[in-house]
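**Student:** Okay, here's the structure, questions in a sec.
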Amino acid sequence: MSELNWGETLWDQWDRVQEHTEHGLEFTKKCQEFVRDRIKVEIDYAKSLRGLKKRYKLKNAEDDAGNFSTIKAYNVFLGQLDLIARDHEIVAEGLQEKVAERLKSVQKETTNNRKNLCNTANQLQHEYKEWQVVLERNQQKYEKAAKEADAAGQAFGRVNDDMNATKAQVEKSRSQMSYRQDLMEKSKGDYIIAVETTNNNQHEYYHQRWPGLINQMQRCEENRIEELKSILIEHCNIQSSILPHITTCIETMTESCEKISPAEDSELLMEERSNQPYPGDHMFMEWNSKAPPSAFGSHNNSTRKTKRDRKKTKVNKEGLENLPPEKRKKAFKEKIKEIEGKINIQLKARGALEEILELYSQKPELGSVEAMEDSRSQMDDITQTLERLQEELYKYQCYLAALMDKTAPDKPHIGSHLQADAVSITSSVSHISHVSASHSGDAELPPPDQMSPNEFDPVSPTTNEFNSDTYYEVPDNNVPPPSAPVTGLSANNQCSVLYDYVAQHDDELDIWAGEALSIVEDNGTGWVKAKRNDNEIGLVPGNYIEYVELYS
């Protein structure tokens, strides 16, 4: 408490003291309402950020461009919104537990103390009035007794001076005078005692009890102000403690923006082109009444292809197994770079969560048990995601090493199950390279239906890593291709195409269901060299055609 006290300076201004302390309670209540609305603002802002991310999250159709630097930066922006929203929720939790609850406690305690002190003040004032009443009553009794004693003395003098008064009358008057004088002396003594008692009580009242009570009211008010000071500082600390993490999120956003490269995006778009050759010139077709209907008008391939393209069903966007070795090598490098970027993002997110947990450990009052558990749960999720990304990164590193005939890198210590995967990764990549090389040379290539999906999947026996999202053709009749190649084909025979097939390499031929082709060569490998009437020659899968007899 300050050196100047209310008891000495404001002892006669009790009404002013009451009014001042009442305004202090009203101010504390206003602070409570402010913090309550402040918490609501933080919660609503966090909710709005999460809604913003959900509303503007890229749809599946836009995810195809996920490798472009602008899309990556945008996804980082959306990802950091979750962390920033969580920061504002932490601020709201801290304000609720360490500010709002304390304000409520201060308000309640100050109100009760002030009420008790006001009741004590009322009691002291009541006692003070009673002392005054007692004093006044004894004073009045003494004055009355003195008047009556004085009157009795005067009456005795008159009777004693009266020569006609009898002795009995004189004695009676003397007795009455003595009685009144005794009463006066008694009331005088009571009055003197009342005066002394009142003076003592009044001295104690004005020098001890009443100033002490006002000083207690001063201490109560100053304690309230001191608590408000501490609470408002705590409010600022809660806000400032979370700013470094928000700054980290903003720095992560800035770093992702700095990685945007228009040149790389343009190059990536050009790499994804199929580089199909321009269509050849149309040739005049002589009408042949004996030829199959489908043989005439086969020049109308562009129309058929347009219709066929509309029936593409999205299954995989990479199709890495169909790329030549150099492009496949570049695709592997791009995939490795993409995974490393994702790992960096997850590491930064984990670092941010570690800062939050460290902040919780240093200042437990800033976070609840639920908030800490939620942060630990997010840490576990990020750890699992990192393990998955590291496994995927190691897998593509093995792919690239096998494709370049180099030694596979050391396996990271992320799980015992990865050891078995590394062997299958290396072997399957070697097989992919061998198939790609043999297709362009003289080696035999198995037909599509005999190429097991697991040859391209070093991890799962049921999931094709390369073909998880490629385009494949849906035949017009919705009948799947036969499970085994057609037999009985021979050179110089004619065949009928059962299903559409889009050439995957330069030495292959585009074919369409119902089209008639001439067989040039069949070496029994499952791939048949066929010729169209316009003398266009290429390889076609043997299980997509059916042998027919030539017209005689």
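**Student:** What distance in nm separates the simple spin-label points at residue 165 and residue 225, each placed 7 Å from Cα in the Cβ direction?
**Tutor:** 7.5 nm
**Student:** Here's a follow-up. Among 337/406; 348/406; 30/104; 29/229; 53/348, which pairs are too far apart, with a Cα-Cα distance over 21 Å?
**Tutor:** Values: 337/406 19 Å; 348/406 32 Å; 30/104 11 Å; 29/229 15 Å; 53/348 19 Å.
Going by Cα-Cα distance, 348/406 fall outside the 21 Å limit.
**Student:** What do you get for chymotrypsin sites (Phe, Trp or Tyr not before Pro) in region 1-106 restricted to DSSP loop and a cutoff of at most 15 other Cβ within 10 Å of the site's Cβ?
**Tutor:** Those satisfying the criteria are 56.
**Student:** Which value, in Å², gives the accessible area per residue of region 175-244 when a 1.4 Å probe is used on the protein heavy atoms? The partial results should precede the final answer.
**Tutor:** Numbers: 4030 Å² over 70 residues.
Value returned for region 175-244: 58 Å² of accessible area per residue.
**Student:** In region 63-161, what percent of the accessible surface is made up of carbon and sulfur (1.4 Å probe, ligands and nucleic acids excluded)?
**Tutor:** Details: 2650 of 5340 Å².
It is 50 percent, rounded to a whole number.
**Student:** Taking a ≥ b ≥ c as the square roots of the eigenvalues of the Cα gyration tensor of region 1-122, is the shape rounded (a/c under 1.5), prolate (a/b larger than b/c) or oblate? Don't skip to the end; give the middle numbers.
**Tutor:** On the way: a/c = 5.63, a/b = 4.61, b/c = 1.22.
Because a/c hits 1.5 or more and a/b exceeds b/c, region 1-122 counts as prolate.
**Student:** For region 53-177, what is the Kirkwood hydrodynamic radius in Å, using each pair of distinct C-alpha atoms?
**Tutor:** On the way: mean 1/r = 0.0406 Å⁻¹.
So the Kirkwood estimate lands at 24.6 Å.
**Student:** Please compute the length gained on full extension between residue 269 and residue 140, using 0.36 nm multiplied by the number of residues separating them and subtracting their Cα-Cα distance.
**Tutor:** On the way: separation 129, 0.36 × 129 = 46.44 nm, distance 11.40 nm.
So the extension gain works out to 35.0 nm.
**Student:** Starting from the Cα of residue 188, draw a straight line to each of the lysines and keep only those under 25 Å, dropping any in the same chain fewer than 8 residues away.
**Tutor:** By straight Cα distance, residue 188 reaches 129, 141, 144, 147, 172.
**Student:** For region 343-377 and region 73-94, write down the distance between their C-alpha centroids in whole Å.
**Tutor:** 12 Å
**Student:** Next question. Using 1/(1 + (r/R0)^6) with R0 = 60 angstrom and r between the beta carbons of residue 204 and residue 354, what's the FRET efficiency to the nearest 0.05?
**Tutor:** Working: r = 65 Å, r/R0 = 1.08.
For R0 = 60 Å, the calculated efficiency reads 0.40.
**Student:** Continuing with the same structure: Taking only the alpha-carbon atoms of region 140-209, what semi-axes of the equivalent ellipsoid follow from 5 times the gyration tensor eigenvalues under a square root, in whole Å, largest first? Could you put the intermediate results ahead of the total?
**Tutor:** Values: eigenvalues 322, 14, 6 Å².
Square roots of five times the eigenvalues give 40, 8, 5 Å.
**Student:** Now for a separate question. Ignoring ligands, DNA and RNA, what percent of the 1.4 Å accessible area of region 213-270 is carbon and sulfur?
**Tutor:** Values: 1900 of 3160 Å².
After summing per-atom areas, the C and S share lands at 60 percent.
The values are calculated or read from the model by the stated rules, or taken from the named source; none is laboratory data. In this text the structure is predicted, and so the values were computed from the model without any measurement. Don't worry about glycine lacking a Cβ; one is built from the backbone with ideal geometry, like all the others, and counts go over all protein chains shown. Quick note on the areas: whole protein, heavy atoms, side chains included, nothing else; ligands and nucleic acids left out. Shrake-Rupley method; radii C 1.70, N 1.55, O 1.52, S 1.80 Å.
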